[in-house]
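Scroll down for the structure; my scribbles are underneath it.
Just so it is clear, none of the values below were taken in a lab; they were calculated from the coordinates. Just so it is clear, the model here is predicted, and its values are computed rather than measured. Heads up, the Cβs are rebuilt from the backbone with ideal geometry, glycines too, and the neighbour counts pull from every protein chain shown.
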Amino acid sequence: MVNCFTDTYRHHLKREEPKNKLYKCSGNYGFNGNENLLPRFASRNQNDSIAIQVSRRYTHQVISRIYSIFLREILGYRNVKLVDLYERMHEIERERLFVTLENLVSDGTSWPEPTIDLEVWMLSDYHIIPPEIEEAGSITHPGRFGLFIPKPLIRKEDVFPKLYPYTMFQEDVNDVKYYELIKKFEVADSMLEVLKGWAEKRCRDNCDMDGMYVPEQCKQGRKCALVLAPHFEDTKFIVKHIDELKFQLKVIWLGGKIKLGINYLMKAYGEDRRGGKKFLVLHWTPSEVIDSKTMEYVSVTMPRCEEIVASNNTGCKYELTPLLKYHAHEFESSQHALQSLIRVYFDRHDIHALISLYDKYEEQILRARDETNLEYDEHAVPMYYNQIACEWLKTNEATWHQWKPRGEQKEDIYIGGIFPLSGLGKAYLGIMPAAVMAQQTINLNDTILPNHRLIILKSDGQCRADTVMKTFINYYIRKERMIGVLGPACSDTVEPIAGVSKHFRMAVISYSAEGAFLSDRETYPYFFRTIGENRQYEHVYARLLKQLNWNRVAALTEDGQKSTEYISHMESLLKENHIELISNKKFPRDRGEKEMNQYLLDLKTKNARIIIADVDDKVAQVIMCEAYKLETLRKCPPVAPVSGSGVTKLGHRISA
């Protein structure tokens, strides 16, 4: 019993690997997870995955990878994967945020995928949170968008205000210094052509054919500062802000190649210190661009949210914005993972460590993203992110150790017990105590289920099909982390729940159902048992009858019982051993003692001396009683009384 259920549990957890299999960190970069943990599962359906929604942001990508490795290699969850957040074009920021959160909502019939999101930039005035999802706190300190100037390009002789206000980029016809300053941010056409080769070109009607946004105030030869921006979907709000505030700015979106553009301009401008040329970067912090230790940036002071009318659509991009974790309501069924999700937090030191690791791999990442490079391979970037995640885990154990749930670390898992507590006699009352003893043995042995505490629920199946089915449904509906059903006792009551178990993906293990029909693995793929099927009796009966020199035998079974079909199959085997099955008598379920008397009398007239009666205990008592009344029993014990499936096989010699 113990080995069967735990082996079945392991089998179902490891049967399918997630399609988007994540990088294995243990054994690499000096990181050693706990691979001896038996698998945990996210829900009662062991195939459900903890799917982590990720955007293109570097911090979002790597934090999600770190947490996924933590779930798999520290806590023992095997079905963990990343799901890309498809960034559709949303003119209004609230629509984008709504879709991001709505992705975590299940349709009510299946496990939500994605299941969690570790970095949602939550607008301060956004309140349309779907009731089906829950917040799990902040992932790190607040972030914000902004315009930034590379600090190495700022010279002492530059006539800049100390706070670098946004008004620097609004035309002032009365200020001669404005024109001197704006010329510093102009980019030569030759350099612009190089940048256009890296342009994302996804801004559609907002841009020209080269992937640049050039507002009216920057046309007809008028000078404007160049802004390098990442993906258009993430920063398209700048178009509305430029139009409203009349910024003398033109924007080129470089997507994931923004660092290529920055490095190119820095190399060109750094060699010409006298020219004092500069450029702007539109990005966010914390990020691998603005917070990199390889180069510092100074921030342009942007207008307050209430000063920008377009903020009603774009949100308050330049204000500090909480970075929050969200999860689907169904994720609460995985309490161990949920507790860790609530505890996950990256402080400034942790974020800086992530960005320092990006700096370490930046050269390889940029080569992989550059189509003009021989090492171009966009699929290599996730590999580098995985390596960064592993190295961070190796060097920051003190941080992720705090994510482990405190206190009781074992999750309760349930087996729904269906026992014959009534209707079959006292001989079957020991099954439930035996199951409880097995439960106690498993829970006392930390090597069997170290992550879980096994609980066996108890119900009386009564060997009635309707009662068994009702119990099965109640178990499935009412209990989370239900890994399977133990029982019922009788083959004919097992058939209905064994048939539907494949739709619920729930194991059904019987301790006494012997029906041969249940061995059909296509029809009953989730049915298992700890006892052999009754067709194995065919060879036993054939050898036994031959050994005792009994050449004629009869059978007496209840009509409609599939579990007794083996007797019909046995006839050919008996013939091969020169034994004749002279009668296979079937009686109705609602027969009385008088009718049973007639069946036995009929067998007596056929000179049936050996009868195999595959019946339950109550019917066996009636048969013995009526046979005694007919004075057909000789003074000899039963040949082979065997109990199982709630029935008794009686072989008796009957006098002629």
Practice prompt. Could you please state, rounded to a whole Å, how far the C-alpha centre of the range 448-483 is from the C-alpha centre of the range 508-586?
Written response: 30 Å
Worksheet item: Taking R0 as 60 Å, what's the FRET efficiency between Tyr126 and Thr447 from their Cβ-Cβ distance, rounded to 0.05?
Response: 0.75
Discussion item. Suppose we keep just the DSSP beta bridges with both residues in the chain; what percent of those would be antiparallel, to 5?
Written reply: 40 percent
Worksheet item: How far apart, in nm, are the 7 Å Cα→Cβ label points at Lys586 and Gln335?
Response: 5.0 nm
Practice prompt. Using a cut-off of 15 Å between beta-carbons, work out the net charge of the residues near Ile182 (Lys and Arg +1, Asp and Glu -1, Ile182 not included).
Written response: +4
Discussion item. With +1 on the Cβ of every Lys and Arg and -1 on the Cβ of every Asp and Glu, and nothing else charged, how large is the dipole of the chain about its Cα centre, in debye rounded to the nearest 20?
Written reply: 1840 debye
Practice prompt. Give the distance, in whole Å, between the Cα centre of the range 236-297 and the Cα centre of the range 342-406.
Written response: 23 Å
Discussion item. Given the DSSP H assignment, sum -39500 (n - 2.57) over each helix run of at least 4 residues in the chain and divide by its residue total; what's the result at 222 nm in deg cm²/dmol, nearest 500?
Written reply: -10500 deg cm²/dmol
Fill in: Relative contact order computed over the range 413-529 (Cα-Cα under 8 Å; 6+ residues apart), in percent
28 percent
Practice prompt. Pull up all non-local amide H partners of Arg552: gap of 5 or more, or a different chain, and H-to-H distance under 5 Å with H placed in the peptide plane.
Written response: Glu580
Response to the item:
Between the modelled labels at Glu244 and Asp370 (7 Å from Cα along Cα→Cβ) the distance in nm is 3.8 nm
Worksheet item: In whole Å, what are the Cα extents of the range 292-342 along the three principal axes, biggest one first?
Response: 45, 36, 11
Worksheet item: Mind checking the log10 I(q)/I(0) for the range 180-302 at q = 0.10, 0.12, 0.14, 0.22 Å⁻¹? Debye, one equal scatterer per Cα, no solvent, two decimals.
Response: -0.28, -0.41, -0.58, -1.56
Worksheet item: Which ³J(HN,Hα) values in Hz, rounded to whole numbers, follow from the phi angles of the range 352-362 under the Karplus curve 6.51 cos²θ - 1.76 cosθ + 1.60, where θ = phi - 60° and Gly and Pro get x?
Response: 5, 5, 4, 6, 5, 5, 4, 4, 5, 9, 4
Fill in: Amide N proximity, the range 297-337 versus Val105 label position 7 Å along Cα-to-Cβ, cut-off under 18 Å
326-332
Worksheet item: Where in the range 290-331 does the amide nitrogen come within less than 20 Å of the point 7 Å from the Cα of Arg505, taken along Cα to Cβ?
Response: 328-331
Worksheet item: Given the pairs Lys81/Lys502; Lys183/Lys360; Lys325/Lys470; Lys470/Lys594; Lys156/Lys236, which span a C-alpha to C-alpha distance of over 31 angstrom in this model?
Response: Lys183/Lys360; Lys325/Lys470; Lys470/Lys594; Lys156/Lys236
Discussion item. Given an 8 Å cut-off on Cα distances and at least 6 residues of separation, report the relative contact order of the chain as a percent.
Written reply: 13 percent
Worksheet item: Counting other C-beta atoms within 10 Å, which of Met482, Met437, Met266 has the fewest, and how do the rest follow?
Response: Met437, Met266, Met482
Practice prompt. Taking 7 Å along the Cα-to-C-beta vector as the label spot, tell me the Ser299-Asn396 distance in nanometres, rounded to one decimal.
Written response: 2.1 nm
Worksheet item: Which number comes out as Rg/Rh for the range 413-529 once both Rg and the Kirkwood Rh are worked out on C-alpha atoms?
Response: 0.96
Worksheet entry | Computed E for Gln536/Glu595 - FRET, C-beta separation, R0 45 angstrom, nearest 0.05 | 0.90
Practice prompt. Using the Kirkwood radius over Cα pairs, work out the Stokes-Einstein diffusion coefficient for the range 206-251 at 10 °C and 1.306 mPa s, in µm²/s as a whole number.
Written response: 147 µm²/s
Item to complete: Over the range 144-314, calculate the relative contact order: mean separation of alpha carbon pairs under 8 Å at least 6 apart, over the residue count, as a percent.
Response: 39 percent
